[in-house]
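Undergrad: Structure incoming, see below.
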Amino acid sequence: MEIYAYILNDDNNTIAATISTEFVPEGVEHQVLTVPFYPIDLKIDNNGNIVPDFDKTLSFVRKKHISIISNSCQAAILSGFKSNALGSTYSYPSNVTDQININNAVVSGGSLWCMNDQSEWSFMQHSPEQASVVQKNMITHIQSKQNRYNDLVNTINTLTSKEDIQKVEW
């Protein structure tokens, strides 16, 4: 017996994989599906089709929740950090362009955006030594977020219920 799989995409862009022992009818969008990397629970939908039950599939729930945690980690990395490289504490932005500018300033110095405790932004000159301190604070900031992400992923991977996985928060 051969098993055929095809993807249905309804008007709401809801995608459902349908598995059938009959050939895929003409006019139905279809694609060859490979065996997934995680087990999939199946259910019978309202039309009698066998479809993946993604809500029950623990591996899918893990993968989806890890993606949510990853997005939170990325947002935390880009949220900025503090440094006292100029003698008092300033907040520094940490988007990708800021990270490049900080790394470049370590070589020959340069102006970097920073915010004082009065929430005033300034484009302030930093010596290479000051920029190096800012860079070290930035790296510590980024690595602390990555370490937290790693810990949360390890926790998620050890949990055995959908409910427990969804309780893990950034």
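Undergrad: When ligands, DNA and RNA are left out and all protein chains stay put, how many square angstrom of accessible area per residue does the stretch 59-170 have with a 1.4 Å probe?
TA: 59 Å²
Undergrad: On a 26 Å Cα-Cα criterion, which of the cross-link pairs K82/K145; K64/K136; K43/K64 come out too long?
TA: From K82/K145; K64/K136; K43/K64, over 26 Å: K64/K136.
Undergrad: Once you order the gyration tensor axes a ≥ b ≥ c over the Cα atoms, which shape class does the stretch 93-142 get: rounded for a/c under 1.5, otherwise prolate or oblate by comparing a/b with b/c?
TA: Judged from the Cα gyration tensor, the stretch 93-142 comes out oblate (a/c at least 1.5, b/c at or above a/b).
Undergrad: Under a Cβ-Cβ cut-off of 12 Å, what is the net charge of the residues other than I142 that fall near it, where Lys and Arg count +1 and Asp and Glu count -1?
TA: Value of the local net charge: +2.
Undergrad: Ignoring ligands, DNA and RNA, what percent of the accessible area of the stretch 60-134 is carbon or sulfur (1.4 Å)?
TA: Carbon and sulfur together cover 52 percent of it.
The values are calculated or read from the model by the stated rules, or taken from the named source; none is laboratory data. Not measured: the values here are computed from a predicted model. Quick reminder, even Gly has a Cβ in these numbers, built from the backbone with ideal geometry, and neighbours come from all protein chains shown. These accessible areas exclude ligands, DNA and RNA; they are computed on the full protein's heavy atoms, side chains included. Shrake-Rupley method; radii C 1.70, N 1.55, O 1.52, S 1.80 Å.
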